[in-house]
Amino acid sequence: MGETLKDVLDAVARGVFPDPDGRTTIVPQASHRDAGVLAFTAHAVVFTDEDPDWVRRTLAGVASDALSAPMNPRFLAALMDRTGRSNETIDLLAVASPVQGDPPLTLTEIDDPAHHRVARAHRHRDDVRVWAADGGVLILGRGVAGRLEAAVEVTEAARHRGLGRALASSARYLSGGEPVWAQLAPGNARSVRAFQAAGFTPVGGEALLLAPQKP
């Protein structure tokens, strides 16, 4: 049996990365919902159920450095055209180890499907749970290959007080003893700084290709 996407992610969470050999690994999707590309140091992982030969031919035809081809907009567009999927952004991917004990915040678990971040989480993740603090929310759910993913939201009035960092840190306490992942828009410097301060380590980049939404 070949390497799976979950194998790759589990290894990265332990600090074991694909060899920096300039190659691209192609693995099947872990579910219909999630396809895409992971970029690590001098190694990429394309997770798709499309023909691997087509993937390699298309990568070879991209007019860019071979190391950059899997994240090149032309390759991503070709993959989206072939699969009917879409992409919102290329994220910075970060991961943190679990922490025992109580979170550094007083949190109340809620069920608020009307909250825009909660509604988004339900579109992209399973087993979603949400906690509220004064001025912010923390969301945990299972995303790509079943990994546990965290997202936070802080109201404008509550910014610049360390709440984002405390919410991100709380995810590590609420993870049930497993690593926690975060997908961070590189341009959202506040979020990147908050998660790094909470102990999340940047490990690569991710372009997630989304399946069409059912009407």
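If I go through segment 158-189 residue by residue, how many of them are farther than 19 Å from L105 by Cα and in contact with a Gly (Cβ under 9 Å, 6 or more places away or on another chain)?
Residues flagged as farther than 19 Å from L105 by Cα and in contact with a Gly (Cβ under 9 Å, 6 or more places away or on another chain) within segment 158-189 amount to 3.
When the residues of segment 98-109 are narrowed to those that are touching a helix residue (DSSP H, G or I) at 6+ places or on another chain (Cβ under 7 Å) and not hydrophobic (A, V, I, L, M, F, W, C), which ends up nearest to R165 (Cα to Cα)?
Looking at residues that are touching a helix residue (DSSP H, G or I) at 6+ places or on another chain (Cβ under 7 Å) and not hydrophobic (A, V, I, L, M, F, W, C), I get P104.
I'm trying to understand the selection: among the residues of segment 51-67, which are open to solvent by 60 Å² or more (accessible area, probe 1.4 Å) and in a loop (DSSP other than H, G, I, E, B)?
Across segment 51-67, the qualifying residues are D51, G61, A63, D65, A66, L67.
Tally time: how many residues in segment 1-50 are exposed (fewer than 15 other Cβ atoms within 10 Å of the Cβ) and assigned to a strand (DSSP E or B)?
1
Based on this model, can you work out whether L92 counts as among the aliphatic types (A, V, I, L, M), assigned to a loop (DSSP other than H, G, I, E, B) and under 25 Å from Q196 (Cβ atoms)?
No, not satisfied.
Given the conditions (1) in contact (Cβ under 8 Å) with a residue 40 or more places away in the chain; (2) more than 17 Å from the chain's Cα centre (by Cα); (3) farther than 16 Å from L208 by Cβ, and given that T25 satisfies all but one, which numbered condition is not satisfied?
With respect to (1) in contact (Cβ under 8 Å) with a residue 40 or more places away in the chain; (2) more than 17 Å from the chain's Cα centre (by Cα); (3) farther than 16 Å from L208 by Cβ, T25 is out only on (1).
State whether one or more residues within segment 76-87 are within 30 Å of G136 (Cβ to Cβ) and part of a loop (DSSP other than H, G, I, E, B).
Yes - at least one qualifying residue is present in segment 76-87.
Which of the residues that make up segment 175-215 are outside any strand (DSSP E or B), touching a residue at least 40 places away in the same chain (Cβ under 8 Å) and open to solvent by 50 Å² or more (accessible area, probe 1.4 Å)?
Result: G176, G177, E178, P186, Q196, P212, Q213.
Hey, can you tell me all the residues within segment 93-112 that are surrounded by 12 or more Cβ atoms within 10 Å (Cβ to Cβ) and among the β-branched types (V, I, T)?
V95, V99, I110
The values are calculated or read from the model by the stated rules, or taken from the named source; none is laboratory data. Because the structure is a prediction, the values reported are computed rather than measured. Please note: Cβ atoms are built from the backbone with ideal geometry, for glycine as well, and neighbour counts cover all protein chains shown. Side chains are part of the model used for accessible areas, which takes the heavy atoms of the whole protein and leaves out ligands, DNA and RNA. Shrake-Rupley method; radii C 1.70, N 1.55, O 1.52, S 1.80 Å.
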